[in-house]
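In what follows, a single structure is set out as structure tokens and then discussed.
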Amino acid sequence: MSSVPEDFAAAVPAKANDYDSFAGEYTAENENNLYNAYYERPAMLDLAGEVSGRRILDAGCGSGPLTMALRERGAIVSGVDSSREMLALARERLGSDTDLRVADLAAPLPFADNSFDDVVASLVLHYLRDWGPTLTEVRRVLKPGGRLLVSVDHPFVAYGFQRLAGLEPDYSATYTWNFHWTMGEKTAPMSFWVRPLHAMTDAFTAAGFRVSVLSEPQPLPAARDLFPDEYRALATSPAFLFLVLHA
């Protein structure tokens, strides 16, 4: 779950990444905005391709827009998220019969081995300091040869924002990036873990995944007229990085 932050801050209060505190505002903002509706979700669906009949885990499903889109394409989708409020919104969207569970991606997943054909991790891994345990669990619940589809904040996003803030970031380092989001009338502290591309691919390889696609797509053309200023910036400087990996 993510969007491009509105402002950079040097320090963030202790209760960061608390989606329960602004679940409704976040969901409303991301329903039809440029970065999620016209860029990230379409890119993930394009990478997923034909999913009819496939069992998919949406790891970090939030309020369920990607879960719904995958289900509409014929997939059998389960979702997990650490935010109870976001899952409540997902249940409203998807119905009470959808398999949605509260789960921390830093902990063991509540599924048996070889349960899924695909796992999608949409804008969620950058919340985690250590990807190793999470990727090990993802590989466990994937069937042999299954796919992990990932979108994460592009490493250059934090780098650029910190440059604008007058700081001297180190691209090669792995570090926390603290800032605030304003959604509607609420402002929430956030904290992401920034890492260079090689640290990402090293983590995937160490967990037994093979990188088959690394993508930096363009937003949908329809967004050009809807968001002319933001579209130009996004089309010339990617916000997210997309990968397809095989177990």
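Filtering the stretch 134-149 down to residues that are outside any strand (DSSP E or B) and under 15 Å from the mean Cα position of the chain (by Cα), which residue is surrounded by the fewest Cβ atoms within 10 Å (Cβ to Cβ)? It comes out as Thr134. I need the full set of residues from the stretch 176-215 which are open to solvent by 40 Å² or more (accessible area, probe 1.4 Å), farther than 28 Å from Glu25 by Cα and either modelled with pLDDT under 95 or part of a helix (DSSP H, G or I) (or both), in order please. Within the stretch 176-215, Leu197, His198, Asp202, Thr205, Ala206 meet the criteria. The set of residues in the stretch 55-69 being assigned to a helix (DSSP H, G or I), among the hydrophobic types (A, V, I, L, M, F, W, C) and buried (at least 23 other Cβ atoms within 10 Å of the Cβ) consists of Leu66 alone. Scanning the stretch 71-86 for residues that are crowded, with 24+ Cβ neighbours inside 10 Å and under 16 Å from the mean Cα position of the chain (by Cα) yields Gly79, Asp81, Met86.
In this structure, does Pro110 turn out to be modelled with pLDDT of 95 or more, part of a strand (DSSP E or B) and open to solvent by 10 Å² or more (accessible area, probe 1.4 Å)? Here the answer is no, as Pro110 does not meet what is asked.
Tell me yes or no: at least one residue of the stretch 117-124 is surrounded by fewer than 18 Cβ atoms within 10 Å (Cβ to Cβ) and either part of a strand (DSSP E or B) or touching a residue at least 60 places away in the same chain (Cβ under 8 Å) (or both). No. The listed residues are Gln162, Gln218, and the only one of them that is assigned to a helix (DSSP H, G or I) and over 15 Å from the mean Cα position of the chain (by Cα) turns out to be Gln162. Note on the stretch 89-102: residues that are open to solvent by 40 Å² or more (accessible area, probe 1.4 Å) and assigned to a helix (DSSP H, G or I) amount to 4.
The values are calculated or read from the model by the stated rules, or taken from the named source; none is laboratory data. Computed from a predicted model, the values in this text were never measured in an experiment. As a convention, Cβ positions derive from the backbone with ideal geometry for all residues, glycine included, and neighbour counts pool all protein chains shown. For accessibility, only protein heavy atoms count, side chains too; no ligands or nucleic acids. Shrake-Rupley method; radii C 1.70, N 1.55, O 1.52, S 1.80 Å.
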